[in-house]
Every structure is written in C-alpha cells, then in structure tokens.
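Chemist: Before I ask anything, here is the structure I am working with.
The values are calculated or read from the model by the stated rules, or taken from the named source; none is laboratory data. Everything quoted here is computed from the prediction, not taken from an experiment. A quick note on method: Cβ atoms are made from the backbone with ideal geometry, for glycine too, and the neighbour counts reach across all protein chains shown. Note: areas computed on protein heavy atoms with side chains; ligands, DNA, RNA excluded. Shrake-Rupley method; radii C 1.70, N 1.55, O 1.52, S 1.80 Å.
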Amino acid sequence: MQRALELARHAGEMHDEVPVGAVLVLDGKAIGEGWNRTVNSHDPTAHAEIVALRAAGQQQHNYRLPGSTLYVTLEPCAMCAMALVHARVAKVIYATPDPKTGAAGSVFDTLISPQHNHRIAVASGLDAELSAALLRDFFQRRR
C-alpha cells in the first residue's frame, strides 16, 4: 500500500489529478502500477486501477491476471470493479471507502456479486487515514 500511496501523491502533486494510486502484485512482485490520469490523458477510463491493469496485462502478456492482488488507495468504482472481475484478479485491498461511487461494498457489491462468474476477495482499511487525508487535502486546495 505504501507504493500505491506514493503513486497517489504523485498524481495529486505532480499532475493535479485526483490522488489515487494502485499497484497490482503477483507472487510478491509488482506487475503493474498506476495513478489517476483521466484529466491529463483526456480519458475517462484512465483510473489508477485501469492503468495498473493495462500495465500488468502488457507485462504478463495476458489479459487475465489470476492470483494477483490489487492495492489501491480508494475503493474501486463500478467501471474499475468490473475490469478487475474480467481480469480475474484474486483480491483487492483498498485503503479508504468511497461513499459516493464505491463498488466494493460502500454503494455497490460488484466485486463479490454472485451474478458474476468470478468473485474477488476484498479487504479495506489499510492506511485508510493517510489515503483519506490525501483526498481531503487535494479537494480543499481546489476549492
């Protein structure tokens, strides 16, 4: 999670993007990293999780990433949650919940829905206050 927090800080401080970072790990090694890039790339799908999935897919030469764990600083949205399901990620660990659009239990239960052919284990709260503070400070500066 520490690396995801570094990426989140980078997004906010260096790129003026919402500070969210993500790291996808397989067998103890990072295989993909990302930070929010939606504004600068003019791409509404360039969330940290999607960027990390794309990098991991390229590195692994596979769109399926079974056995992997995603560490992300903010609870995934519905778009990211479905991408994680399609990629067959095994586990998502997020720092802080997203009470407006969270799809890992806050608003939706997309990652564990029995309607999908794959379910993802979910854990939360790891470095939650640090992540929440990054987001809070970012939006206070913008106001």
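Chemist: What number of residues within region 25-45 are more than 18 Å from A78 (Cα to Cα) and either part of a strand (DSSP E or B) or of a type outside the set (S, T, Y) (or both)? Show your work before the answer.
Modeler: Going through region 25-45, the residues more than 18 Å from A78 (Cα to Cα) turn out to be 25-33, 39-42.
Now restrict to residues that are either part of a strand (DSSP E or B) or of a type outside the set (S, T, Y) (or both): 25-33, 39-40, 42.
Of the residues in region 25-45, 12 are more than 18 Å from A78 (Cα to Cα) and either part of a strand (DSSP E or B) or of a type outside the set (S, T, Y) (or both).
Chemist: Go through region 1-54 residue by residue and tally those that are of a type in the set (S, T, N, Q) and under 18 Å from G102 (Cα atoms).
Modeler: So the first thing to find is which residues in region 1-54 are of a type in the set (S, T, N, Q), and the list is 2, 36, 38, 40-41, 45.
Applying the additional criterion that residues be under 18 Å from G102 (Cα atoms) yields 36, 38, 45.
Residues in region 1-54 being of a type in the set (S, T, N, Q) and under 18 Å from G102 (Cα atoms): 3 in total.
Chemist: Can I ask one more? Do you know which of the residues in region 46-60 that are open to solvent by less than 30 Å² (accessible area, probe 1.4 Å) and of a type in the set (A, V, I, L, M) is farthest from M79 (Cα to Cα)?
Modeler: A56
Chemist: Can I ask one more? For region 27-68, what are the residues that are in contact with an Asp or Glu (Cβ under 8 Å, 6 or more places away or on another chain) and without any contact (Cβ under 8 Å) to a residue 24 or more places away in the chain?
Modeler: Of the residues in region 27-68, the ones in contact with an Asp or Glu (Cβ under 8 Å, 6 or more places away or on another chain) are 34-40, 51-52, 55, 67.
Result: T38, single match.
Chemist: In this structure, does T38 turn out to be under 23 Å from V85 (Cα atoms), of a type in the set (V, I, T), surrounded by fewer than 15 Cβ atoms within 10 Å (Cβ to Cβ) and at pLDDT 95 or above? Break it down into steps so the answer makes sense when it comes.
Modeler: Numbers: under 23 Å from V85 (Cα atoms): yes; of a type in the set (V, I, T): yes; surrounded by fewer than 15 Cβ atoms within 10 Å (Cβ to Cβ): no; at pLDDT 95 or above: yes.
Against the criterion (under 23 Å from V85 (Cα atoms), of a type in the set (V, I, T), surrounded by fewer than 15 Cβ atoms within 10 Å (Cβ to Cβ) and at pLDDT 95 or above), T38 does not qualify.
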